[in-house]
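Here's the structure we're looking at; comments come further down.
Here, each number is a calculation from the coordinates, and none is a lab measurement. If you're wondering where the values come from, they're calculated on a predicted model, not measured in any experiment. FYI the Cβ positions are ideal-geometry reconstructions off the backbone, even for glycines, and counts take in every protein chain you see.
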Amino acid sequence: MFEFTLNGTAGAARAGTLALPHGTVQTPCFMPVGTHGAVRGLHPDEVAAAGAQIILGNTYHLHLRPGEDVVAQLGGLHRFSTWSKPMLTDSGGFQVFSLSAMRKLDEQGVEFVSHIDGSKRFISPEKSMEIQWALGADVIMAFDHLLPGQSSAEDAHDAMQRTLRWLDRCRHRHGELTAGDPNRQTLWPIVQGGTHADLRHASLMGILERGPWTGVAIGGLSVGEPKPAMHRVLEGLNPHLPVDRPRYLMGVGFPDDLIEGIARGVDLFDCVAATRNGRHGSAWTADGKVSVRGATLRLDPGPLDADCDCAACTRFSRAYLRHLFVAEEQLGQRLVSIHNIRFLIRLAETARARILDGTFDSWAAAWRSRYFAKGETS
RNA sequence: GGUGGGGUGGCCGAGUGGCUAAUGGCAGCAGACUGUAAAUCUGCCGGGCUACGCCCUACGUAGGUUCGAAUCCUACCCCCACCA
């Protein structure tokens, strides 16, 4: 269980297969985010129909509501949500970052003020493991400390070292929890270190010393740093990452980020942008972004993206989708969310095919020039 | 026909002498969003410019008072309510 098989490579790009308790995942792969145990706005069948092989859940949010005890009593997150394929939960580490204004951090852990009712909640590495074990995802993440993208070397060093110390505690507690059932859930560590090459290297070395691991995540990117900085981090880590383990670039990304990540050896991605932008009326297409509310779509009978096979593109016109947004019908938000998810999943699927047939580089080059032809940024 | 109330930018609606090209809201337009405190947030929104400044045209219509009027006065037009 948790084995990763490399099926082929093209330069740094890799195509693999990851075996998890609830199924296998073919990589490269985009994982939709379902913070509260649901991909926002979508039915699990729609998520599966979009080609999702694995989705995320969130420790912090599910801990607050409904509580991991409730989820456990209802049979775990898979049964509770009826999502039967693999699942990964984030540790709450991202909330250390995103809720920085309402938390207090020390070596022991992080005290959050609940954004729901103002109550104080304490999450430590051990607590995160306990919550994630109760939720029951196939893959769980270490509780880490991440910082804004442009943090100083001193701050990044501090957070990176804390993340390593917390990793020891995560591993210890998770080992206790899974002792009787080691094939049910696996824990992945997270490389931190900001945009500082030496810190990233030290973080990875610290992680590998503590191994073995069934996968390695790269966190703390796409949090405000310039894109080339993220690319340099990935390039710096690539030669040192275990070849036979999946690499998960956390919280990334936009379509071009998937291309650049895959080209630099990343296997797994997750990002809320597909669903959030979908709800906000921004769709990705092979020719760049399309604002679904845009006046130019008013009488456009064509699909959002002529190349797309999603539930929105195979049936509805741009004019109708625009109408739904203007009329504030939820169907519009749902359809564009489905489209964006399908777009990223299909991008990863195509990348995999191109890696396997050896044409990844030329395909990626053509993809970039078309996607950015209109001069857009992402 | 009489009495009272009212006519403000695409719509609704503030504003009762200068700080008003005119508060708000809606509609419209554009943009942002990366391990989800987001069905959210931001900007533009009379016209024209050799534009972070200037010039036009604007508060029913026409005239008047005033250094200065959406704001005061007069006439007219229209709308609403009630009374005949």
| query | Which listed residue (A:Leu177, A:Ser128, A:Val70) has the Cα farthest towards the positive end of the charge dipole for segment A:67-215, taking +1 on Lys and Arg C-beta and -1 on Asp and Glu C-beta about the Cα centre? | reply | A:Val70
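Under 8 Å for C-alpha pairs, at least 6 residues apart: give me the relative contact order for segment A:56-162, rounded to a whole percent.
Working: 144 pairs, mean separation 33.7, N = 107.
Averaging sequence separation for qualifying contacts and normalising by length gives 32 percent for segment A:56-162.
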| task | With θ set to phi - 60°, apply the Karplus curve 6.51 cos²θ - 1.76 cosθ + 1.60 along segment A:154-166 and write out the HN-Hα couplings as whole Hz, x wherever there is a Gly or Pro. | result | 5, 5, 5, 5, 4, 5, 5, 5, 4, 4, 5, 5, 5
| task | Return the Rg/Rh value of segment A:209-365, two decimal places, where both radii are evaluated on C-alpha atoms and Rh is the Kirkwood radius. | result | 1.04
| Restricting the count to DSSP beta bridges whose residues both fall in segment A:57-179, what percent are antiparallel, rounded to a multiple of 5? | 65
| query | Rounded to a whole number, what is D in µm²/s for segment A:139-265 from Stokes-Einstein with the Kirkwood radius over alpha-carbon pairs (10 °C, 1.306 mPa s)? | reply | 108
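State the extension gain, in nm to one decimal, for the chain segment bounded by A:Ala229 and A:Arg368, taking 0.36 nm per residue of separation less the distance between their alpha-carbons. Don't jump to the answer; show the numbers that get you there.
On the way: separation 139, 0.36 × 139 = 50.04 nm, distance 1.86 nm.
This chain segment gains 48.2 nm when fully extended.
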| said: Let me make sure I get this right: for segment A:326-372, a, b and c are the square roots of the gyration tensor eigenvalues over alpha carbons, sorted descending. Under 1.5 in a/c it's rounded, otherwise prolate if a/b > b/c, else oblate. Which is it? | reply: oblate
| If you rank A:Val191, A:Val243 by fewest surrounding Cβ atoms within 10 Å, what's the result? | A:Val243, A:Val191
| field | Relative contact order of segment A:219-378, pairs being alpha-carbon contacts under 8 Å that are 6 or more residues apart, as % | value | 23
| request: Compare A:Thr89, A:Thr275, A:Thr24 in a GNM of chain A, Cα atoms joined below 10 Å, and give the one with the largest fluctuation. | output: A:Thr24
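How big, on average over all directions, is the shadow cast by the Cα convex hull of chain A, in nm²?
Approximately 17.8 nm², given one-decimal rounding.
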| task | Give the distance, in whole Å, between the Cα centre of segment A:315-367 and the Cα centre of segment A:6-31. | result | 20
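Ordered by packing density, taken as the mean number of other Cβ atoms within 10 Å over each peptide's residues, highest first, how do A:166-174, A:90-98 rank?
Numbers: A:166-174: 19.9, A:90-98: 23.2.
Listed from highest to lowest mean packing, they are A:90-98, A:166-174.
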| message | Under the rule of at least 5 residues apart or a separate chain, name every residue whose amide H is placed under 5 Å from the amide H of A:Asp300. | response | A:Ala319
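Grab the beta carbon distance between A:Ala179 and A:His43, set R0 = 30 Å, and tell me the FRET efficiency rounded to 0.05. The partial results should precede the final answer.
On the way: r = 37 Å, r/R0 = 1.22.
For R0 = 30 Å, the calculated efficiency reads 0.25.
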| query | Given a Förster distance of 51 angstrom, what is the FRET efficiency for A:Asp106 paired with A:Asp300, based on the Cβ-Cβ distance and rounded to 0.05? | reply | 0.40
| query | Which whole-number percentage describes the relative contact order of segment A:200-289, with Cα contacts under 8 Å and a sequence gap of 6 or more? | reply | 27
